[in-house]
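Remarks on the structure that follows.
The numbers here are math on the coordinates, done by the rules we state, and not lab data. In this text the structure is predicted, and so the values were computed from the model without any measurement. Cβ sites come from the backbone with ideal geometry, for glycine too, and all protein chains shown count toward neighbours.
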Amino acid sequence: MKEHKGAHAFNSTHHTVVTIGTFDGVHIGHQKIIERLVNTAKAGNLESAILTFFPHPRMVLQKDADIKLINTIAERKSILKQSGVDHLIVHPFTQQFSRLSAREFVRDILVHKLRAKKVIIGYDHRFGRNRTADIDDLREFGREYEFEVEEISKQDIEDVAVSSTKIRKALLEGSVEKANRFLSYPFALAGTVVKGKGLGKEFNYPTANLEIKENYKLIPKNGVYVVRSLIDGQVVFGMMSIGTNPTVGGTEKTVETYFFDLEKDLYGKNLSIEMLTRIRDEKKFESVEGLKTAMKQDEAFSTQYIRDNYAE
């Protein structure tokens, strides 16, 4: 897959089949559209192209909208690279870009830059300034500029019964297993391991404190989770705590992971940690001893869960 930083950087000599969207999560609904895109391109001897945007349009158009995304842009690119698509165009979404009329978008971006001969789009897709144009307008432009429009029907999309909004809601409720079913892969948090307060080490549970630089990345509900990561080529399981450590008077939200059977210095490492299931809510215990007891129970739960679901 070739990646292009904006439509203006696209310079393929082939005609394309294009689909358009933010694709946050690249969930099973998105995957259905992308599969159709790839198959259509192969059948028509065309190249497949995904046109996506960053930042998310709501980040630009609704400055007060504190939208949190399922994927960082790096994660989205990584997942899309595995889809079999020929081209990924990540176009910068700006105020200026948002003011393009529907005709300007179709003529200048889809036709002149991306050389589209076919556009595959959802039944409810809207585009152009103030999102005033719909699929009927796109069909009109198709007749004028000689490209075909294929609609992903309402039934096709609703058969999947999934959306990025539903996945965000599941994660904010702590339902990572539900989110993972919708995604068809484990939701992950990625960042750099930084020094924390060292409290875990005092409890015999040394933790890796994950610093997530992208402030738009969605962090699931506070609580304790069973997790997995690939560290130096080794699959390692553990338990992650998201929250403020209220038992020891913490106030700042942290993401800390205790990895089982791992004795390595992880400081400075970049990790991607997959979230598998939720163990419990964050709780303020009456004593440190109460917290230690709960952590032992969390570890026992995790060990059993891993044995039941991931034993070789």
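In Å³ and rounded to a whole number, note down the convex hull volume per residue for the Cα atoms of region 186-310. List each step's numbers first, then the result.
On the way: hull volume 13.0 nm³, N = 125.
That works out to 104 Å³ per residue.
What is the set of long-range amide H partners of SER83 at a cut-off below 5 Å, with H atoms built 1.01 Å from backbone N?
Those qualifying (amide H under 5 Å, at least 5 residues apart or on another chain) number zero.
Neighbouring Cβ atoms within 10 Å as the yardstick, rank LYS253, LYS68 fewest first. Mind showing how you got there, number by number?
On the way: LYS253 11, LYS68 15.
Ranked by crowding around the Cβ, least crowded first: LYS253, LYS68.
Mind listing the long-range amide H neighbours of GLY122? Cut-off is under 5 Å, sequence gap 5 or more, other chains count too, H placed in the peptide plane at 1.01 Å from N.
Amide H neighbours of GLY122, under 5 Å, 5+ apart: ILE152.
Can you give the convex hull volume of the alpha carbon atoms of region 1-57 per residue, in Å³? If you can, show how the numbers build up before the last one.
Numbers: hull volume 4.8 nm³, N = 57.
Value for region 1-57: 85 Å³ per residue.
Hand me the chymotrypsin sites (Phe, Trp or Tyr not before Pro) from region 86-137 located in a DSSP loop with no more than 14 other Cβ atoms within 10 Å, in residue order please. Don't skip to the end; give the middle numbers.
Working: sites: PHE93, PHE97, PHE105, TYR123, PHE127; in loops: PHE93, TYR123.
Counting only loop positions with at most 14 other Cβ atoms within 10 Å, the chymotrypsin sites (Phe, Trp or Tyr not before Pro) in region 86-137 are TYR123.
Rounded to whole Å, give me the distance from the Cα center of region 74-122 to that of region 264-312.
41
Rounded to the nearest 500 deg cm²/dmol, what is the calculated helix-only ellipticity per residue at 222 nm for the chain, with -39500 (n - 2.57) per DSSP H run of length n ≥ 4? Don't skip to the end; give the middle numbers.
Numbers: 10 runs with 96 residues, N = 312.
It comes out at -9000 deg cm²/dmol, rounded to the nearest 500.
Rounded, prolate or oblate: which fits region 31-95, taking a ≥ b ≥ c as square roots of the Cα gyration tensor eigenvalues, rounded meaning a/c under 1.5, else prolate when a/b beats b/c? Provide the component values of the computation, followed by the final result.
Numbers: a/c = 2.87, a/b = 2.20, b/c = 1.30.
Because a/c hits 1.5 or more and a/b exceeds b/c, region 31-95 counts as prolate.
Using Cβ contacts closer than 10 Å as the measure, can you line up SER12, SER302 from fewest to most?
Working: SER12 15, SER302 23.
The most exposed by this proxy come first: SER12, SER302.
Mind running the shape call on region 2-162? Use the C-alpha gyration tensor, a ≥ b ≥ c as the square roots of the eigenvalues: rounded below 1.5 for a/c, prolate if a/b tops b/c, oblate otherwise. Write down the numbers at each step before the final one.
Numbers: a/c = 1.25, a/b = 1.10, b/c = 1.13.
It comes out rounded by the Cα gyration axes.
May I ask for the percentage of alpha-carbon pairs in the chain that lie more than 25 Å from each other? Each step should come with its number before you reach the end.
Values: 26898 of 48516 pairs.
Here the long-distance tail beyond 25 Å is 55 percent of all Cα pairs in the chain.
List the pairs from LYS63/LYS284; LYS217/LYS283; LYS113/LYS269; LYS42/LYS213 whose alpha-carbon separation is above 30 Å, in the order I gave them.
Numbers: LYS63/LYS284 35 Å; LYS217/LYS283 24 Å; LYS113/LYS269 40 Å; LYS42/LYS213 39 Å.
Distance filter (> 30 Å) returns LYS63/LYS284; LYS113/LYS269; LYS42/LYS213.
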